Amino acid sequence: MSGEEATPLVAFGQMLRRHRRAYGLSQEELAERAAVSVRAICDLERGRTTRPRPQTVRLIAAALNLQGSQRDDFVRLSRRWREHASLAHADRRASQSGRPEAGPAPRQLPATVSHFTGRTAELDALDAMLRDADQTRTVVISALAGTAGVGKTALAVHWAHRVADQFPDGQLYLNLRGYDPNEPVSPAGALAGFLDALGVAGHQVPDDLDDRARLYRSRLAGRRTLVVLDNARDAEQVRPLLPGDPGCAAIVTSRDSLAGLAARDGALRLDLDVLAATEAIGLLRSLIGPRADEDPAAAAELARLCARLPLALRIAAELAAARPEAPLAALVAELAADRLDGLDAGEDRAEMRAVFSWSVRQLPDDVTAAFALIGLHPGEALDAYAAAALAGTTPALAGRVLGRLRRASLLQAAGNDRYGMHDLLRAYARELAAARGTGGGRRQALTRLFGYYLAAAATAMDAAFPAEAHNRPAVAPGTVALPEMPSEPSARAWLDRERANLVAVAVYCAGQGWPEHATSLAGTLFRYLINGSHLPEASTICEQALLAARERGDLAAEAGALNGLGSIRSMKGHFHDAAGHFQGALRCYRRCGDRAGEARALYNLGRIEYRLGSHRAAASYYGESIAAFENAGDPLGMASALCDLAGPETELGALDEASEHLRLALQVFRDHRDHVREAEALERTGTLSLHRGELTEASRFHEQSLALYRRIGHPTGVATELSNLGEVSLRRDDYLQAISYLRRALRLFCQIGDQHGETMTRRSLAGALHRAGQSTAARTHLETALRLATSTGNTYQQAGTHFDLGENYRSAGQCEQARDHWKQALALYTELGAPEADQARNRIREALAVPQVPRSARRDSFSEPIVASTADGS
């Protein structure tokens, strides 16, 4: 822990040592009184613990008999360093035995420009920012007088590469597209991308912007990460993206000075002017070679005509290099004539426009037409297939055109045979497209592009998720060439590579007159986005599809979007919100007579009721969905509903019916080679065997399911089966094996952000720890589980966790606290109409009848097991 930071954690350790010594206790004595380890006390006092647990702090405060303001100060200081991690997600990580392993550090910097020239003073200023401990670590690189093309991005990226080794925890980069013709990147969208790069699963990304920003800062806490925010529009777009940790740094580029960041956030301002004359000529010399020295006057005039702007200089130099036989003076004369035309047109930045015009006029007509159309693309980068769709040509020809434009510096390489465009060039290209043809031509080009993305996405989904093809929208094959995707891995790779473009296209289509493409993209991509935990992107396309569907009065598309939004809310654990979306979808499906859609909505409502512990309601919805699937001629959907119906049937004691339904469903899944649902059926069969007390059979089915989930790469399924195997071990009284399985499951659930799975696993782990004699650790997990269940509105889980906490407090002789939790459990179970209400009522009666036993008189209390219901469908 560095001395200069004077962290609250160090101050907390010093306060703890003072209180312990004032109380006359050794570290060993305090550890015994607080029921924590000696090492925990030692690490806290020395500032070695990264995140002291709130429960540990409370136990120590009680052991030291701290009262009133002393206790408040003690607890408050322990919380101060946690302010950046105030989200419940960060709290859950703090209560784990260890933080999930971090993935590889993000390395997102784009390639630095070749032949970077000059900017010595600016580079020195940026270096000084890092050397000065008292200096702000946020800098805004802006252009004097808002000049575009001055080289802000080139400077930021060049310096970022130069100091990358000082930021070993990674470098984040994002083009905020603040001055792009399309909508700029929203702060919420930017944070979703950064959180994904930092290893946060889509389930864990909060919906609220402020919550996302807090989680982002908590992820950067204690790390040395460089954040490059390129092309910002205003301070409001940037502020939520600034890291809070002093070990991080942020560099922002903008045409605007972003004075608000300097005034309110203390950012350093670095105003960038055009290159000095010598630097501009030096850049030309490095790009075109000896010709600049052979005619220094022409080189100087070329630099002047380009206004000494790096972007214009590079384009001019590329054109000069492409015409080696032409004297430099002749090229300068051509550019001077174009500049006069620009001045006659009254352009504010005639120099830049003249260079663009001069460069484009040297291109063949088909290349110029393609350049104009590429500017219409709503995404940030494109490949030859997308360019071919825009231009109505072949990918091979489009690839040659892209290469030609890249060599002319009108496009920039974006990796993996993809190309991007500077926002100034994009604006010029769009003007050129408007000048060259009618609006109908532009619309036809965009329609081809959107049709390409839809057809390619449908092809990829058919390869990656063949069993669900019948549930996706019917997509016409289209007339443009598609990339080959012969296997599931190649299809998934294409989807991953094009995900940002697909979302951008869906948003553009919804708002700019292609609503059917927007709704079809949402329906096509949904399963990929959900299974890949890309929930922010899934939310975006479903929300846009809902707007587009309602605008054109498309009830079926509206129902599909609502169904998707319900699934997203369910995966985040917000079951009541999800039910509302599913009910809306059900109404729409019934109004438009879509029996298959109605079946899916009923099925989803059954899953929600099961998660909430309403087993009879769940069984009723599943029964309705089975009839609807059968009526719609969907055997796979019918099998899915039969498989899930076995869950509430098992809980309600209809074990023979559950067994038969699982047998039928498993055969259908195997016939259709639906491995995900096959694993689910094996999982439920294992759970049924456990209810019957057939532990060997339960282990066999769960192990088969686990192997299948691992083979298909399904992390949620793997975590669920590890948890189920922990339950089987617990029934065998093999507590250490159970704890091992459950801890592995818990780590996975936390990593993927499955709050429901995490809640259930914490409850099961608490039961295993309690039976192994670790009652205090068990209570910590139960308290965290209760917070999770409360935050997600899962009443059934709240009731069960209150009951478990009552059992835990009873075993510790704290009968008053036990009664309080049982009373809360009883109220919630009664509200749900759950049979567990009788068990809670009996516990309360027993507690009232039996006087409290002093703790010292109970030496065998840990032998009493916690009764932990697992009837939730995990």
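Of all residues in the stretch 115-128, none are open to solvent by 20 Å² or more (accessible area, probe 1.4 Å), under 30 Å from Leu565 (Cβ atoms) and in a loop (DSSP other than H, G, I, E, B). Selection of the stretch 795-805 for residues being closer than 18 Å to Arg607 by Cα and out of contact with any Ser or Thr (no Cβ under 7 Å at 6 or more places or on another chain) yields Thr795, Tyr796.
Looking at the stretch 721-743, which of the residues that are among the small types (Gly, Ala, Ser) and surrounded by fewer than 24 Cβ atoms within 10 Å (Cβ to Cβ) is nearest to Arg710 (Cα to Cα)? Explain how you work it out, then say what you get.
The first filter runs over the stretch 721-743 and keeps only residues among the small types (Gly, Ala, Ser), leaving 723, 726, 729, 738, 740.
Still in the running and surrounded by fewer than 24 Cβ atoms within 10 Å (Cβ to Cβ): 729, 740.
Details: Ser729: 20, Ser740: 18 Å.
Across the stretch 721-743, the extreme among qualifying residues is Ser740.
Of all the numbered requirements in (1) open to solvent by less than 20 Å² (accessible area, probe 1.4 Å); (2) under 25 Å from Val57 (Cα atoms); (3) at pLDDT 90 or above, Ala825 misses one, and that requirement is (2). The residues of the stretch 513-563 that are within 21 Å of Ala464 (Cα to Cα), charged (D, E, K, R) and surrounded by fewer than 22 Cβ atoms within 10 Å (Cβ to Cβ) amount to a single one, Arg527.
Name the one entry in Pro466, Pro483, Pro477 that is over 17 Å from Tyr508 (Cβ atoms), touching a helix residue (DSSP H, G or I) at 6+ places or on another chain (Cβ under 7 Å) and open to solvent by 50 Å² or more (accessible area, probe 1.4 Å).
Values: Pro466 fails: touching a helix residue (DSSP H, G or I) at 6+ places or on another chain (Cβ under 7 Å); Pro483 fails: open to solvent by 50 Å² or more (accessible area, probe 1.4 Å).
Within the list Pro466, Pro483, Pro477, the selection yields Pro477.
Search the stretch 380-411 for residues being in a loop (DSSP other than H, G, I, E, B) and of a type in the set (Ser, Thr, Tyr), and hand back the single one that is least open to solvent (accessible area, probe 1.4 Å). Ranking the qualifying residues of the stretch 380-411, first place goes to Ser409.
Given the criteria part of a helix (DSSP H, G or I) and touching a residue at least 60 places away in the same chain (Cβ under 8 Å), does Asn563 qualify?
On the way: part of a helix (DSSP H, G or I): yes; touching a residue at least 60 places away in the same chain (Cβ under 8 Å): no.
No.
Of the residues examined, Leu682 is one that is within 31 Å of the chain's Cα centre (by Cα) and surrounded by 23 or more Cβ atoms within 10 Å (Cβ to Cβ). Scanning the stretch 159-200 for residues that are under 30 Å from Glu431 (Cβ atoms), assigned to a helix (DSSP H, G or I) and not small (Gly, Ala, Ser) gives a single hit, Pro187. Figure legend. Inter-residue proximity from the stretch 690-718: first residues assigned to a helix (DSSP H, G or I), second residues open to solvent by 20 Å² or more (accessible area, probe 1.4 Å) and among the polar types (S, T, N, Q), beta-carbon distance below 7 Å, spacing 6+ or different chains. Indicated pairs: Phe701/Thr685. Every condition in (1) outside any loop (DSSP other than H, G, I, E, B); (2) open to solvent by less than 30 Å² (accessible area, probe 1.4 Å); (3) over 26 Å from Ala491 (Cα atoms) is met by Gly613 except one, and the failing one is (1).
Being over 25 Å from Arg131 (Cα atoms) and either surrounded by 22 or more Cβ atoms within 10 Å (Cβ to Cβ) or under 13 Å from the mean Cα position of the chain (by Cα) (or both): is that true of Leu220 here? Against the criterion (over 25 Å from Arg131 (Cα atoms) and either surrounded by 22 or more Cβ atoms within 10 Å (Cβ to Cβ) or under 13 Å from the mean Cα position of the chain (by Cα) (or both)), Leu220 does not qualify.
Residues in the stretch 165-179 that are over 16 Å from Ala235 (Cβ atoms) and open to solvent by less than 20 Å² (accessible area, probe 1.4 Å): Phe167, Gly170, Gln171, Leu172.
Return yes when Leu746 is at pLDDT 95 or above and either open to solvent by less than 40 Å² (accessible area, probe 1.4 Å) or of a type in the set (Val, Ile, Thr) (or both) and no when it is not. No; evaluated as a whole, the condition is false for this residue.
Yes/no matrix, rows are residues, columns are (1) farther than 22 Å from Arg499 by Cβ; (2) at pLDDT 90 or above:
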site	(1), (2)
Phe167	yes, yes
Pro184	no, no
Gly193	no, yes
Val200	no, no
Gln204	no, no
Arg214	yes, yes
Glu236	yes, yes
Pro246	yes, no
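Taken together, the residues in the stretch 406-464 that are more than 15 Å from Ala389 (Cβ to Cβ) and under 25 Å from the mean Cα position of the chain (by Cα) amount to 9.
The values are calculated or read from the model by the stated rules, or taken from the named source; none is laboratory data. Note that this is a predicted model, so its numbers are computed, not measured. Cβ: placed from backbone, ideal geometry, glycine included. Neighbour counts: every protein chain shown. Side chains included, ligands, DNA and RNA excluded: accessible areas come from the protein's heavy atoms. Shrake-Rupley method; radii C 1.70, N 1.55, O 1.52, S 1.80 Å.
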